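**Q** Dropping the structure in here first, questions after.
The values are calculated or read from the model by the stated rules, or taken from the named source; none is laboratory data. Only a predicted model underlies this, so the values are computations on that prediction, with no experimental measurement involved. Counting neighbours? That spans all protein chains shown, and the Cβs are built from the backbone with ideal geometry, glycine included.
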Amino acid sequence: MKQKGILIKVLSVLAAFIIFGYFAVQIYEMIGRNYATRTAYIQTVTDSVDAEMFVIRDEVILDSGGSGVIVPIAVNGERVSRGSEIAASFPSEQSAENYSLLRNLNKKLTAYKKISSQLRLANLDIDKLSDEIDADFISMLNMAYNNDYSSVAESELAFAEKLSRKQISLGQTVDCSEAIASLESQIASLSASSTPSRIVAAESAGYYVSNLDGYEGLLTAQGIDSLTAESLQNALDSGAKSVPEQSLGKIISGYNWYVACIIDNSVASQLKTNGKCKLKLGDLTVETSVYAVKPATEGKNLAIFKCNLMNEQLATLRRFSGSVILNEYTGLRVSKDAVRVDKDGVTGVYVRLANIVEFRVFDTLYSTDEYIITDEPSDSDILAMKKKGYQYLKLYDEVFVSGKDLKDGMVIG
């Protein structure tokens with residue numbers, strides 16, 4: 001009986017070692033396989049070529065007409081008509097500062113009065129408004145991150161108005177009376193000390209720009225057909241001329257403006273006159289048309305792009321390092337580390353569904369040494385692969401980018 005008890009203990013210890021060893025092996029294999037996944041997201045990548053670019057416009061420099069501190073009234077890139085008020089001249093820095101402050105206070109007063117007048121809002125889509133508020137908030141954070149504090153200030157009132165609309169629609173009270181009274185008091189005290197000595201009106205229609213960059217008149221839109229690679233290079237090499245400290249700015253006349261750059265033959269061969277082409281101009285991506293491609297020195301070409309878009313950022317561009325976007329590719333991004341070939345020689349990736357491994361196929365649209373952008377499969381492609389027992393990779397699939405011995409249908413912890 002005693003021997004039987006010892007035997008049971010020995011067997012129990014042995015069983016414990018076997019169970020422990022089994023789980024230890026499983027854990028070791030799991031750690032050793034180092035399973036890691038990456039979510040499949042849609043991404044757009046570009047095939048582009050960098051170039052030194054120069055913006056060409058027809059511009060009329062505005063005469064300051066005497067001394068004084070100039071304050072712009074129109075916004076850079078704003079379309080103005082002949083006779084429109086574009087700037088104001090002041091006898092001192094203090095009066096100019098007071099005028100700028102007065103304009104901002106009046107904008108705030110208008111916004112608060114608009115909020116105060118919204119006593120009841122019917123048929124308002126709260127979900128849509130909430131999405132707009134979230135998007136505006138993120139946009140303002142991005143502006144602050146990029147040190148674009150002037151844009152944050154400009155967006156502040158519109159953001160506050162949307163917040164108030166949401167509060168009112170939810171039955172909450174929004175009392176702006178104290179803010180309105182404070183603004184009206186500040187405006188009254190500043191009005192007497194912020195009178196301009198002169199208001200400047202636009203002598204011609206066009207887009208207003210408050211500052212000069214020193215390249216005005218060097219190359220013009222009127223002379224675009226006679227532009228050569230040599231004249232462009234001279235403009236790039238010449239540097240900016242000095243500009244007066246007190247300037248009223250300029251008017252960009254006409255609706256079309258141009259971007260010129262020197263490119264290689266291999267790039268020029270992919271451009272078609274009058275064809276569409278996107279340019280990356282600083283932080284902006286702009287749709288243009290190819291105006292002309294002219295042979296230059298050996299292996300080089302002069303490329304001219306035409307555009308009729310205008311805003312505050314575009315109005316102040318002149319020379320910069322930009323990019324000619326030759327192609328854009330949009331699809332699911334797959335790491336090259338994730339690509340596998342199954343037992344039937346089909347290329348795809350393994351994805352994780354809960355704790356099950358599944359094999360998914362894809363079609364390649366664009367690839368680099370590091371990743372692949374997948375092409376969207378047609379309905380017929382999906383059906384054909386389904387008949388063979390395969391499914392296509394989908395958005396948000398968790399794709400394995402590392403791990404040994406992965407198999408379709410495999411269970412993992």
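**Q** So which residues in region 279-298 are touching a Ser or Thr at 6+ places or on another chain (Cβ under 8 Å), closer than 19 Å to ASP50 by Cβ and modelled with pLDDT of 95 or more, if there are any at all?
**A** Residues satisfying the conditions are LEU279, VAL290, VAL293.
**Q** Kindly indicate which of ILE251, ILE263, ILE304 is under 30 Å from the mean Cα position of the chain (by Cα) and under 30 Å from VAL69 (Cα atoms).
**A** Sole residue among the options that is under 30 Å from the mean Cα position of the chain (by Cα) and under 30 Å from VAL69 (Cα atoms): ILE251.
**Q** Can I ask one more? Restricting to region 259-311, name every residue that is surrounded by fewer than 19 Cβ atoms within 10 Å (Cβ to Cβ) and either touching a Pro at 6+ places or on another chain (Cβ under 8 Å) or of a type in the set (Asp, Glu) (or both).
**A** ASP264, ASP283, GLU287, GLU298
**Q** Is it true that GLU287 is within 23 Å of ALA384 (Cα to Cα) and out of contact with any helix residue (DSSP H, G or I) (no Cβ under 9 Å at 6 or more places or on another chain)?
**A** Judged against the criteria, GLU287 is not a match.
**Q** May I pose another question? Filtering region 372-413 down to residues that are among the polar types (S, T, N, Q) and either touching a Pro at 6+ places or on another chain (Cβ under 8 Å) or in a strand (DSSP E or B) (or both), which residue is nearest to ARG38 (Cα to Cα)?
**A** Among those that are among the polar types (S, T, N, Q) and either touching a Pro at 6+ places or on another chain (Cβ under 8 Å) or in a strand (DSSP E or B) (or both), it is SER402.
**Q** Exactly one condition in (1) touching a Phe, Trp or Tyr at 6+ places or on another chain (Cβ under 6 Å); (2) modelled with pLDDT of 95 or more is not met by ARG319; state its number.
**A** Every condition holds for ARG319 apart from (2).
**Q** Of the numbered conditions (1) outside any strand (DSSP E or B); (2) in contact with a Lys or Arg (Cβ under 8 Å, 6 or more places away or on another chain), LEU302 fails exactly one; give the number of that condition.
**A** For LEU302, the failing item is (1).
**Q** ARG340 - would you say it is farther than 30 Å from ALA268 by Cβ, buried (at least 19 other Cβ atoms within 10 Å of the Cβ) and not aliphatic (A, V, I, L, M)?
**A** Considered against the rule, which asks whether it is farther than 30 Å from ALA268 by Cβ, buried (at least 19 other Cβ atoms within 10 Å of the Cβ) and not aliphatic (A, V, I, L, M), ARG340 comes out as no.
**Q** Which one of these is crowded, with 16+ Cβ neighbours inside 10 Å and farther than 17 Å from ASN311 by Cα: VAL69, VAL55?
**A** That would be VAL69, the only listed residue that is crowded, with 16+ Cβ neighbours inside 10 Å and farther than 17 Å from ASN311 by Cα.
**Q** In region 299-316, which residues are touching a helix residue (DSSP H, G or I) at 6+ places or on another chain (Cβ under 8 Å) and at pLDDT below 90?
**A** GLY299
**Q** Quick test for you: out of LEU326, LEU383, pick the one residue that is under 34 Å from the mean Cα position of the chain (by Cα) and of a type outside the set (S, T, N, Q).
**A** Every option except LEU326 fails the conditions.
**Q** May I pose another question? Within region 260-278, identify whether any single residue is within 30 Å of ALA88 (Cα to Cα) and β-branched (Val, Ile, Thr), and answer yes or no.
**A** No, the conditions are met nowhere in region 260-278.
**Q** Sticking with this structure for a sec: If the requirement is being touching a residue at least 40 places away in the same chain (Cβ under 8 Å) and touching a Lys or Arg at 6+ places or on another chain (Cβ under 7 Å), which of these qualifies: ILE251, ILE180?
**A** Residue meeting the stated conditions: ILE180.
**Q** With the condition kept exactly as written, say whether any residue in region 314-325 is surrounded by 12 or more Cβ atoms within 10 Å (Cβ to Cβ), in contact (Cβ under 8 Å) with a residue 40 or more places away in the chain, farther than 30 Å from TYR208 by Cα and not small (Gly, Ala, Ser).
**A** No, the conditions are met nowhere in region 314-325.
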